[in-house]
Every structure is written in C-alpha cells, then in structure tokens.
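Working notes for the structure below.
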Amino acid sequence: MFELLTGAGLAVAAGLNAYIPLLILGLAGRFLDFVDLPTQWQWLSNPWVLVILGVLLVIEIVADKIPVVDSVNDWIQLFVRPVAGGIAFGTGSSSGTAVVEDPAQFFTSNAWVPIAIGIVLALATHIGKSVSRPALNAASVGAAAPVVSTAEDIGSVVLSFLALLLPVLVIVAIGGVVVGFVVLFRRFRRAWRTSTSDPAP
C-alpha cells in the first residue's frame, strides 16, 4: 500500500513539475541509505543525469513564471511530464519494471502497469495545470503566473518528500493541491471581475 502511495505522490508531483521528483529521487538514491532505487532505475542517481535534471529544472522554473511563456512550456511538457510521472511511479513504487527489449513481452506482462498508472496521474495533473493557467493569467493580467508557479513548485517538492518519507500523508497532500488550484482560480477570477466592473475614472 505504501509503495502505491509513494508512486502516486511522485507521479502527481511530476505532473506539476517533471524534474523535481526525478531529481529528488536521484539525489535520495545517491546520498540516502534508506532509499534503494530499483536496479533498472539506478541511472537516476548518475551524476551526469543529476546535472542534466538540475539544468532542466532551472529552465522549467524560469519559463513557468513568465505569462504566455508558461503556456508554451505547458505544451512542450505535455509529453515530458507524463513520461516523468511514469518513471517516478515505477521507481517510487519499487516495481519490478524491467528495461524493455521486447515490446511484445512488455505489454503481455504486468511490468508496464506502474508506468501506465504514473503516466495517467501525471497527465491528469498536467492537464489541470495547463488548462487553469491561461484562465488565471487572463483573470489576473499575468500576475498569477509567478505566484501559481511558485505554489506548484512548492507542492511538487512537498509531495515528493512526503512520498518518500510519509507516504500515508500523500492523499492529504494531493487533496491540498486540488483545493489550492480551486481556491487560486476563484480568487483571481473574483479579482478580475471586480476590476472589470469598476467604473472608469
């Protein structure tokens, strides 16, 4: 049960930011004794992979805080985040997913199930994020981008650490992410309605 919660938390975190959970997994697998990455995902703790993930994370953090650029970035991330979610779920749940050499054998076994679940969770999170962001930007004239993006980054970090350290709280954290999206959307929409209803001076 904890393995599934760990995988789910990491996959949802990847839907918010593809690189945060992968970087945390890689660093944890490299430096923390209690995190034992499955053999097939040991490459995540490779120094070069960690450097590349770090660089991509910096680019993602900057791009996601600029109005319009954030929406373009979301289109680019449409494929990246679900893949990251699949990797994160497969790694976090310590599944026996093997490196695929025979695609037919891969799809006739259950080894693909954790990856598929992670892809679906990350994709659903990404769609919620990418659909709400333009509406929030429009309602706030772009002011929402850095605020919401920072909240998403923090949410991704918190989810990733909870998934590794306290997976039982992952459900609460995911619920918090959903509530946060709803609250932010309503707040910025209310502010936009107020500003457009004010009479011109």
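Quick notes on this one:
- Peptides 163-176, 146-159 ranked from most to least packed by the mean count of surrounding Cβ atoms within 10 Å: 146-159, 163-176.
- Stretch gain in nm, segment ALA151-VAL178, where the contour uses 0.36 nm per residue and the Cα spacing is subtracted: 8.5 nm
- Distance in nm between pseudo-label sites at GLN40 and SER71 (7 Å out along the Cβ direction from Cα): 3.9
- Global form of region 25-78, assessed from the alpha-carbon gyration tensor, a/c cut-off 1.5: prolate
- 3J(HN,Hα) couplings calculated from phi for region 29-45 with the Karplus curve 6.51 cos²θ - 1.76 cosθ + 1.60 (θ = phi - 60°) are, in sequence order, x, 8, 10, 10, 5, 7, 9, 10, 5, x, 3, 6, 10, 4, 4, 4, 8 Hz; Gly and Pro show x.
Taken together, the values in this text are just the output of simple stated rules run on the coordinates, not laboratory data. This one's a predicted model, so the numbers in the text were calculated from it and none came from an experiment. Please note: Cβ atoms are built from the backbone with ideal geometry, for glycine as well, and neighbour counts cover all protein chains shown.
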